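For reference, the structure discussed in these notes is given below.
The values are calculated or read from the model by the stated rules, or taken from the named source; none is laboratory data. The structure presented is a predicted model; accordingly, all values stated were derived computationally and were not measured. Side chains included, ligands, DNA and RNA excluded: accessible areas come from the protein's heavy atoms. Shrake-Rupley method; radii C 1.70, N 1.55, O 1.52, S 1.80 Å.
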Amino acid sequence: MTKGTLYNSSYLYSDLIFIGLKKNKMAYDTKELEKKSLIAINKHKLMFMEHIVAFLPCSKETFYNHKLHESDAIKKAVEEMRVGKKTKMLSNWINSETPSLQIAAMKMISEEHEAHRLNGTKQEIRQTGGLKSRVIEWIPADQGNDPEGK
């Protein structure tokens, strides 16, 4: 065997070992990652998909390759966390003695016309009169008032 052949064969062997390790390292169970995601959402009060990845033993790419962002269980857990926090915050604003928080809460729970009234944003435009239509009579060029009388 020549030195070059030995080098090339050992190079290929080390590549195969590296590829094998990489495959084993990247082999994640989707159900296990989903379970860990749900635990992280509840434990750390996560409300965004991007934040979930930080608490998982995989990369962002792996998270999306396993389509965990499409998981109904994860979506539901994130939405429940958001709604729970919004409800708690709104309740705190309503019960607050701070006028700016009370106004913010009122804007959140008010009807559209009430919110516009609070904001002073609705502008009403009134128009008097109406549309007038005119009938235009068409007269062919060969008829009508010919100044030369032809």
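Tabulated values for the structure
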| quantity | calculated |
| --- | --- |
| Relative contact order %, the range 37-149, counting alpha carbon pairs below 8 Å whose residues are six or more apart | 16 percent |
| For ILE52, solvent-accessible area (1.4 Å; no DNA, RNA or ligand), Å² | 0 Å² |
| For the range 74-88, Karplus couplings with θ = phi - 60° (6.51, -1.76, 1.60), whole Hz, Gly/Pro x | 5, 4, 5, 5, 5, 5, 4, 5, 4, 4, x, 5, 4, 5, 4 |
| Accessible heavy-atom area order of GLU111, GLU34, highest first, probe of 1.4 Å | GLU111, GLU34 |
| Solvent-accessible area of TYR28 with every protein chain in place, 1.4 Å probe, in Å² to the nearest 10 | 60 Å² |
| Set LYS31/LYS85; LYS31/LYS86; LYS86/LYS107; LYS67/LYS88; LYS75/LYS107; LYS60/LYS88 screened for pairs whose C-alpha atoms are more than 25 Å apart | LYS31/LYS85; LYS31/LYS86; LYS67/LYS88; LYS75/LYS107; LYS60/LYS88 |
| Shape category assigned to the range 26-150 from the gyration tensor of Cα positions, a/c cut at 1.5 | oblate |
| Computed accessible area, LEU90, all protein chains, 1.4 angstrom probe, square angstrom | 40 Å² |
